[in-house]
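*Asks:* Dumping the structure here so I can ask a few things about it.
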Amino acid sequence: MGKSAIIIPARYGSSRLEGKPLLKVLDKPVIQWVYEKASQAKLADIIIVATDDQRIYDCVKGFGGNVEMTSTDHKSGSDRIMEVVSRHPEIDFICNLQGDEPLIKPESIDAVIRNVIEDDRADISTLIREIGTDEVDNPNLVKCVTDKNGFALYFSRSKIPYERNTGIAKFYGHLGIYGYKRHALETMTSQSQTMLEKTESLEQLRALENGMRIKTSVVDFVPVGIDTKEDLEKFRQIVSEKLSRI
């Protein structure tokens with residue numbers, strides 16, 4: 001069996017918070033917080049930051065992390081990850097960990113990796129969490145419905161399932177972390193965008209439309225992704241509160 005790798009795509013440009021991988025919380029850049037969480041996962045043999053920016057490259061090198069430069073022309077994080085994987089024939093399993101998720105739990109990373117290593121039916125894996133009625137109508141929170149074995153049936157920005165009869169359904173929100181078998185990532189990045197993917201602007205629908213199977217695991221935490229200044233301040237507050245209890 002080949003090796004498993006956590007690859008963290010990190011871009012400097014962002015429409016809502018430019019340079020967020022390098023923004024510091026307690027004198028530590030966000031990308032380092034994410035890298036250190038990844039380092040605590042037990043099932044990863046390799047951790048690599050994939051970036052197209054020299055400043056991020058230098059930052060990761062500065063704190064002793066592994067980092068590789070990639071093309072500036074990639075349209076998605078999956079394409080950026082595939083460029084790195086193509087240089088490493090020893091990698092068979094890949095975890096795509098976003099560079100703006102500093103509170104991700106190491107055991108959740110392991111769950112994503114474990115599903116693609118141990119389940120022969122799973123081409124891809126990801127995480128979902130149960131959500132309340134106050135969140136189901138938010139189009140920025142992607143929803144997921146699964147079959148009885150935990151395989152995704154569909155992802156949508158809309159409320160799914162539709163409640164013709166109320167009080168029956170449970171609703172699940174999607175967390176943007178993925179595990180891939182190598183062949184699945186190769187297939188994903190070699191295929192054109194599909195109709196559903198373009199309609200919902202959700203890359204994982206390309207996999208479903210092409211017959212790939214996505215295994216989900218349910219987790220019980222609410223992620224804090226850093227997309228805005230408000231998100232950054234929320235993360236600072238969470239870290240400060242944790243330190244004050246030590």
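The values are calculated or read from the model by the stated rules, or taken from the named source; none is laboratory data. Computed from a predicted model, the values in this text were never measured in an experiment. Neighbour counts are summed over all protein chains in view; Cβ atoms, including those assigned to glycine, are modelled from backbone coordinates with ideal geometry.
*Asks:* For region 162-188, name all the residues that are more than 17 Å from the chain's Cα centre (by Cα), under 23 Å from I6 (Cα atoms) and aliphatic (A, V, I, L, M).
*Replies:* None; the set is empty.
*Asks:* Identify the residue in region 83-95 that is assigned to a strand (DSSP E or B) and β-branched (V, I, T) and, among all such residues, is nearest to S125 (Cα to Cα). Step through it out loud before you land on a result.
*Replies:* From region 83-95, those assigned to a strand (DSSP E or B) are 91-95; that's our starting set.
Subset that is β-branched (V, I, T): 91, 94.
Values: I91: 16, I94: 10 Å.
Per the criteria, the residue is I94.
Here's the yes/no breakdown for (1) at negative phi; (2) over 14 Å from the mean Cα position of the chain (by Cα); (3) β-branched (V, I, T):
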site: G13; (1), (2), (3): yes, yes, no
site: K24; (1), (2), (3): yes, yes, no
site: Q32; (1), (2), (3): yes, yes, no
site: V67; (1), (2), (3): yes, yes, yes
site: G77; (1), (2), (3): yes, no, no
site: H88; (1), (2), (3): yes, yes, no
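*Asks:* Can you find even one residue in region 206-215 that is touching a helix residue (DSSP H, G or I) at 6+ places or on another chain (Cβ under 7 Å) and under 19 Å from D110 (Cα atoms)?
*Replies:* yes
*Asks:* Can you find, within region 96-107, the residue that is modelled with the lowest pLDDT among those that are surrounded by fewer than 22 Cβ atoms within 10 Å (Cβ to Cβ) and either in contact with a strand residue (DSSP E or B) (Cβ under 6 Å, 6 or more places away or on another chain) or assigned to a helix (DSSP H, G or I) (or both)?
*Replies:* Checking each candidate, the answer is Q98.
*Asks:* OK, next. Go through (1) acidic (D, E); (2) closer than 21 Å to A41 by Cα; (3) more than 16 Å from the chain's Cα centre (by Cα) and name the single condition D110 misses.
*Replies:* So the condition that D110 fails would be (3).
*Asks:* Where in region 189-246 are there helices (runs of 4 or more DSSP H), lying wholly inside it, with at least 3 residues that are surrounded by fewer than 16 Cβ atoms within 10 Å (Cβ to Cβ) and either under 16 Å from the mean Cα position of the chain (by Cα) or free of Cβ contacts under 8 Å to residues at least 40 places away in the same chain (or both)?
*Replies:* It comes to 195-200, 229-244.
*Asks:* What's the total number of residues in region 111-138 that are outside any strand (DSSP E or B), surrounded by 12 or more Cβ atoms within 10 Å (Cβ to Cβ) and in contact (Cβ under 8 Å) with a residue 12 or more places away in the chain?
*Replies:* So the answer is 12.
*Asks:* Looking at (1) part of a helix (DSSP H, G or I); (2) charged (D, E, K, R); (3) surrounded by fewer than 18 Cβ atoms within 10 Å (Cβ to Cβ), can you tell me which one R80 breaks?
*Replies:* Every condition holds for R80 apart from (3).
*Asks:* Yes or no: I31 within 21 Å of V224 (Cβ to Cβ), hydrophobic (A, V, I, L, M, F, W, C) and either in contact with a Phe, Trp or Tyr (Cβ under 9 Å, 6 or more places away or on another chain) or modelled with pLDDT under 95 (or both)?
*Replies:* The answer is yes for I31.
*Asks:* Going by the conditions given, is I46 touching a residue at least 40 places away in the same chain (Cβ under 8 Å), out of contact with any helix residue (DSSP H, G or I) (no Cβ under 8 Å at 6 or more places or on another chain) and either within 27 Å of S108 (Cβ to Cβ) or surrounded by fewer than 20 Cβ atoms within 10 Å (Cβ to Cβ) (or both)?
*Replies:* Criteria met by I46.
*Asks:* Of all residues in region 44-77, how many are under 18 Å from L23 (Cα atoms) and in a helix (DSSP H, G or I)?
*Replies:* 9
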